[in-house]
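Only the coordinates and a few stated rules stand behind these numbers; no lab work does. Predicted, not measured: the structure shown is a model, and the values here were computed from it. Positions of Cβ are backbone-derived with ideal geometry, glycine not excepted, and every protein chain shown enters the neighbour counts.
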Amino acid sequence: MTKITIREARAEDAEAMAIILREIGWSERRNVLPLKEVSKPIAELLRHCEKDKGGHTVLVAVAEKDNVVGFTNVHWVPFVMLGGWKGYVSDVFVSPNASGKGAGKMLVEAVMEEGKRRGCKRLMLTNGKDKTSYKSGFYKKLGWTERPQVANFVYYYREPWS
């Protein structure tokens, strides 16, 4: 079995991350764009996050030869109502080729550990109910609780990839 490890993401991981998004079919529009066009803004975001480690953590799961097989990112924000910090996990993606090998679990557990280290009051994420991770109870198995009383609203300035 391939050994998977977790490390901080670097700008040079952008293309591998873009490939994972393409592999999972995240966006029909994104999938027809040249890979460089998709990976360039990802690299820019990674460079920003590298400079602001207090506000963002981006992790990658890597297999042999430092091959990126998954990634996650979390944003650390002050949450006045709780009187402390909250982590918002905005992405957890794993290549279909690595699915079921523990990369997703390792990524989420690394975020949970980082939140604990930072003294966060809670972590939050959004999971599509049509996604395999939701249907399989992936997050519930890791101790996360679904909040049925909370609606998830989004305000779009523009959707660059839909």
Taking the alpha-carbon centroid of each part, what is the distance from the range 110-152 to the range 56-80 in angstrom? 15 Å
Relative to the Cα centre, what is the charge dipole magnitude of the range 5-141, using +1 at the beta carbon of each Lys and Arg, -1 at the beta carbon of each Asp and Glu, and rounding to the nearest 20 debye? 580 debye
Can you give the % of DSSP beta bridges in the range 5-141 that are antiparallel, to the nearest 5? 85 percent
Compute the Cα gyration tensor for the range 1-82, then decide on rounded, prolate or oblate, letting a ≥ b ≥ c be the square roots of its eigenvalues: rounded whenever a/c is under 1.5, prolate when a/b is larger than b/c in the other cases, and oblate in all that remain. oblate
Cleavage-rule hits (trypsin sites (Lys or Arg not before Pro)) in the range 1-96: DSSP loop, at most 10 neighbouring Cβ within 10 angstrom: K3
Given Cβ charges of +1 for Lys and Arg and -1 for Asp and Glu, the option among G25, H48, V150 whose Cα lies farthest towards the positive end of the dipole of the chain is V150
Can you compute 3J(HN,Hα) from phi for each residue in the range 131-140, using the Karplus curve 6.51 cos²θ - 1.76 cosθ + 1.60 with θ = phi - 60°, rounded to whole Hz and x for Gly and Pro? 7, 4, 4, 6, 4, 7, x, 3, 6, 4
Cα axis of helix 103-118 to longest principal axis of the chain: angle in degrees, 0 to 90, nearest 10? 40 degrees
Selected from L125, G70, L107, residue furthest toward positive end of dipole (the range 51-145; charges at beta carbon): L125
Computed over the chain, Kirkwood Rh from alpha-carbon pairs, angstrom: 16.7 Å
For the chain, take the longest principal axis of its alpha carbons; what is the angle in degrees between that and the long axis of helix 35-51, to the nearest 10 within 0 to 90? 40 degrees
Over the Cα atoms, compute the radius of gyration (one decimal) and Dmax (the largest Cα-Cα distance, rounded to a whole number) for the range 88-162, in Å. 13.9, 37
